[in-house]
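Trainee: There's a structure below that I have some questions on.
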Amino acid sequence: MGQIKGNIFNIQRFSVNDGPGIRTTVFTKGCNLRCKWCHNPESFKKQPQILFNKEKCTLCNRCNSVCEQNIPIDSRNKSSECKMCGKCIDQCYFSALSIVGEEKTPEEIIKIVEKDKLFYENSNGGITISGGEAMLQVDFIKEVFRLAKQKEIHTALDTAGNVSFDKFEQVLPFVDLILFDIKSMDNKTHMKFTGVSNELILDNLKKLLSRGIEMHIRVPLIKDINDSLENIIDMMALLQGYENVTEIKLLPYHNMGENKASSAGIIQEVFEAPSEIHIKQLEDLIRTTR
């Protein structure tokens, strides 16, 4: 068996939004959902890919002159023929082209994570693995978490839950906290806006809840899609009585993924966040039904 490697697209140190305390968040590449509002659309594909920021491009044609595959610049971020040689990027003086995604070993990840161990200890922080969908690289994340636990570093997994439960069983011995994303309790809505059914996701959520592991529930909140009282009531009914759910967080929509989607050759629909008054109403509903 060869050395385990994972495909990642970012390592964010000093993160404060992906679990308790100060954390290092590792973002894996590859996702089996296609949320129309995704703020990390460059994570959809597992493989490294070219990003093209047309706003920075001056049409100097230097990149086209070195492309051995003769792929037009505005198609390079979508073409399966691109060999990722990086020659076009070296020729771009205006940073219009970049490669997103790289391979790392678990040992390389832990070496970076360890640098901030003092901050974790002083803030009850640690490492979070997010995505994309981290559970699509279960061998890699299991080994990262195993090494982190050897170093006495708190571990958190951020997941949308759309994998077979046996994958969760492989990583649970090394996970302290699960951040579980709920997009919609309604299956038709879930299918329409993520491309997949929520049946497996909710089934996995129930199984994880019954295991007693600490969980944070996170809901990306999109106006007129999943911000209804009914959706939140249904969610709270499912979570009722589970003391291991220590946080429920509503995450209002933002359009930070729009430019990244464009750079990856994806046309992303624009949505809206609910009003602050409505968000407060939903937060009050969550508090009163826990």
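The values are calculated or read from the model by the stated rules, or taken from the named source; none is laboratory data. Computed from a predicted model, the values in this text were never measured in an experiment. Because the Cβ atoms are built from the backbone with ideal geometry, glycine has one as well, and the counts that use them run over all protein chains shown.
Trainee: Considering only residues that are of a type outside the set (D, E, K, R) and closer than 20 Å to residue 207 by Cα, which ones fall in region 142-165?
Mentor: To start, the set of residues in region 142-165 that are of a type outside the set (D, E, K, R) comprises 144-145, 147-148, 150, 153-157, 159-165.
Answer for region 142-165, where residues must be of a type outside the set (D, E, K, R) and closer than 20 Å to residue 207 by Cα: 155, 156, 157, 159, 160, 161, 162, 163, 164, 165.
Trainee: Further question: Go through region 263-286 and report how many residues are surrounded by fewer than 16 Cβ atoms within 10 Å (Cβ to Cβ) and either outside the structural domain of residue 218 (by the TED database) or assigned to a loop (DSSP other than H, G, I, E, B) (or both).
Mentor: Looking only at that region, the number is 5.
Trainee: Also, I was wondering about something else. Name the residue that is surrounded by the most Cβ atoms within 10 Å (Cβ to Cβ), counting only residues in region 239-262 that are out of contact with any Pro (no Cβ under 7 Å at 6 or more places or on another chain) and assigned to a loop (DSSP other than H, G, I, E, B). Talk me through it step by step, then tell me what you get.
Mentor: Here is the first cut: in region 239-262, the residues out of contact with any Pro (no Cβ under 7 Å at 6 or more places or on another chain) are 239-250, 254-256, 258-259, 262.
Applying the additional criterion that residues be assigned to a loop (DSSP other than H, G, I, E, B) yields 240-244, 254-256.
Values: 240: 10, 241: 9, 242: 17, 243: 8, 244: 15, 254: 12, 255: 14, 256: 9.
Looking at residues that are out of contact with any Pro (no Cβ under 7 Å at 6 or more places or on another chain) and assigned to a loop (DSSP other than H, G, I, E, B), I get 242.
Trainee: For region 64-97, name all the residues that are buried (at least 17 other Cβ atoms within 10 Å of the Cβ), at pLDDT 90 or above and not in a loop (DSSP other than H, G, I, E, B).
Mentor: Within region 64-97, 88, 89, 97 qualify.
Trainee: Also, I was wondering about something else. State all residues of region 126-160 that are surrounded by 23 or more Cβ atoms within 10 Å (Cβ to Cβ) and more than 18 Å from residue 4 (Cβ to Cβ); if no residue qualifies, say none.
Mentor: Result: 126, 128, 130, 156, 158, 159, 160.
Trainee: So, residue 162, is that one farther than 25 Å from residue 139 by Cβ and modelled with pLDDT of 95 or more or not? Can you show your working first?
Mentor: Working: farther than 25 Å from residue 139 by Cβ: no; modelled with pLDDT of 95 or more: yes.
Criteria not met by residue 162.
Trainee: With 143, 108 as the choices, which residue is in contact with a helix residue (DSSP H, G or I) (Cβ under 9 Å, 6 or more places away or on another chain), in a helix (DSSP H, G or I), modelled with pLDDT of 95 or more and at negative phi? Working first, answer last.
Mentor: Numbers: 108 fails: in contact with a helix residue (DSSP H, G or I) (Cβ under 9 Å, 6 or more places away or on another chain).
Going through 143, 108 in turn, the sole match is 143.
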